[in-house]
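The values are calculated or read from the model by the stated rules, or taken from the named source; none is laboratory data. Source: prediction; values computed, not measured. Every residue, glycine as well, gets a Cβ built from its backbone with ideal geometry; the counts of neighbours run over all protein chains shown.
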Amino acid sequence: MRKINFLLVLLLFLAVSTRAELTNVGIEKYAVLEVSQNNTPLREKADESAYRLSHLYKDAILFADKQNDKYYRVELDKNNYAWINKKFVEVQAIIPEKRFENIKKIHFKETKNLYTAKIETPLKSAFLFNENNKNLGFSLFDNRFDPIETKVSNRNGIFKLPDTIVNSLFLNYSNNRPLFGYNLEDFEKGYILKVKKAPRINKTRPLKNIRIVVDPGHGGVEKGACAFGLEEKNINLQISKKLKRELQRRGAKVYLTRSRDKKVPLYDRPLFALSKNADIMISIHQNALPNPKDIDKKYGTGTYYYHAQAKPLAVSIQKNMLLSTGFRDDGVNFASFVLTRPTMPVSVLVECGYIIRKEEADKISDPKFQDVIARAIARGTEDYMLENFSL
């Protein structure tokens, strides 16, 4: 456990009961929780399959008012709750009431490619994003914002702050152009909110200088779905290499998460995209079913997204895949995958076809048909840029 900071010393001093009392189903007053690892999901309900509201950083402090056998209920603000799995947190104390910390400073900055808000606070706590096409809401809970006491520097019209004292910070980003990626970074004194500027595209070459990571799913010992002597990992790589060439031909700067048959850890893939400052990430897969008997009902090509900002890209790719391949429409689908959850870059996953369906397996393994798939995905990406970012 990290060294206990001033805040936790204060909370421990205020403790009114011991950890032993937490064996009861209910929690009296508040349990102070410390998140034990990065990327910890904060969920809408006490269920492993429930919607992920956000992913928290290690050492974040939360306040829980209830629990069951596996989850704590976290109070975000009045009548607003979330759930966190007990295996991801450590109980630091039980206190009679929540402790709000004052935000020290918010510094806004604009660079060539980003708008940023650097938030300095002694309490790193739970946070949520709420996005639509051109707006982004950011909530940082249990942090008191005072328009007079909180030092605000380089204020701009892109971010809007509350006008009065609030016990949780609500920061709104609003622009006249669609969202094109955002992220929250942890630093020693707080958090840095980053919103990527929408590109000014060349209408004749809309992918020129757009940075794209293509992710061939699986690899190495992870074969993926297998059927008819085919292994998904190989088809994914073959299509991805063709897609890279097609995107490069259209002016994009393209990177592969793997260029040969090797294992790449799942969570390393979005980290690779972030390290390349990618604008877009496209993960390439081939589909299967837990019950192959359903193959006469569910087959074809499908595209997946998680965040609202990525749905237009998924729709555009799916449209072009259907026009080019002639496959059944398996939908534009909301799905919580590791490769669809990143908020930066804009991320989608394409299931090109069903490897367990003979007619589709024959096509997706054919080099000439793989060219068709690569061109369709590239055109879909190009159309997305034209339809959303033309001035």
Checking residue 118 against (1) assigned to a strand (DSSP E or B); (2) surrounded by fewer than 19 Cβ atoms within 10 Å (Cβ to Cβ); (3) within 24 Å of the chain's Cα centre (by Cα); (4) of a type outside the set (Val, Ile, Thr), which single condition isn't satisfied?
(2)
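Out of 319, 311, 293, 358, I need the residue that is within 21 Å of the chain's Cα centre (by Cα) and of a type in the set (Lys, Arg). Which one? Full working, then the answer.
Numbers: 319 fails: within 21 Å of the chain's Cα centre (by Cα); 293 fails: within 21 Å of the chain's Cα centre (by Cα); 358 fails: within 21 Å of the chain's Cα centre (by Cα).
Exactly one of 319, 311, 293, 358 is within 21 Å of the chain's Cα centre (by Cα) and of a type in the set (Lys, Arg), namely 311.
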Given (1) outside the structural domain of residue 251 (by TED's automatic domain parsing); (2) touching a residue at least 60 places away in the same chain (Cβ under 8 Å), number of the condition residue 172 does not satisfy
(2)
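Where residues in segment 203-252 are small (Gly, Ala, Ser) and within 24 Å of residue 355 (Cβ to Cβ), which of them is surrounded by the fewest Cβ atoms within 10 Å (Cβ to Cβ)?
As a first pass, look at segment 203-252 and keep what is small (Gly, Ala, Ser): 217, 219-220, 224-225, 227, 229, 240, 251-252.
Okay, now just the ones that are also within 24 Å of residue 355 (Cβ to Cβ), so 217, 219-220, 224-225, 227, 229, 240.
Details: 217: 27, 219: 21, 220: 12, 224: 20, 225: 21, 227: 17, 229: 7, 240: 25.
Only one residue fits best here, namely 229.
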Of the residues in segment 204-222, how many are more than 10 Å from residue 261 (Cα to Cα), touching a helix residue (DSSP H, G or I) at 6+ places or on another chain (Cβ under 8 Å), in a loop (DSSP other than H, G, I, E, B) and not β-branched (Val, Ile, Thr)?
3
Looking only at segment 62-87, count every residue that is under 21 Å from the mean Cα position of the chain (by Cα) and farther than 17 Å from residue 39 by Cβ and tell me the total.
2
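Any residue in segment 282-292 that is more than 20 Å from residue 335 (Cα to Cα) and surrounded by fewer than 24 Cβ atoms within 10 Å (Cβ to Cβ)? Explain how you work it out, then say what you get.
If we filter segment 282-292 for residues that are more than 20 Å from residue 335 (Cα to Cα), which is where we start, we get 292.
With surrounded by fewer than 24 Cβ atoms within 10 Å (Cβ to Cβ) added as a condition, the list becomes 292.
Yes: one or more hits.
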Is there a residue in segment 126-141 that is in contact with a Gly (Cβ under 9 Å, 6 or more places away or on another chain), crowded, with 17+ Cβ neighbours inside 10 Å and part of a loop (DSSP other than H, G, I, E, B)?
no
Show the residue pairs meeting these rules: Cβ distance below 8 Å; 6+ apart or different chains; first residue within segment 115-132 and in contact (Cβ under 8 Å) with a residue 24 or more places away in the chain; second residue surrounded by fewer than 20 Cβ atoms within 10 Å (Cβ to Cβ) and of a type in the set (Val, Ile, Thr).
115/158; 116/192; 117/192; 118/192; 119/192
Can you tell me which residue is surrounded by the fewest Cβ atoms within 10 Å (Cβ to Cβ) among those in segment 368-391 that are under 22 Å from the mean Cα position of the chain (by Cα) and of a type in the set (A, V, I, L, M, F, W, C)?
389
Hey, residue 366 among the acidic types (Asp, Glu) and free of Cβ contacts under 8 Å to residues at least 12 places away in the same chain or not
yes
Of the residues that make up segment 88-105, is at least one under 18 Å from the mean Cα position of the chain (by Cα) and either over 19 Å from residue 169 (Cα atoms) or not β-branched (Val, Ile, Thr) (or both)?
no
I'd like to know if segment 179-186 contains one or more residues that are of a type outside the set (A, V, I, L, M), surrounded by fewer than 18 Cβ atoms within 10 Å (Cβ to Cβ), within 22 Å of residue 347 (Cα to Cα) and more than 18 Å from the chain's Cα centre (by Cα).
no
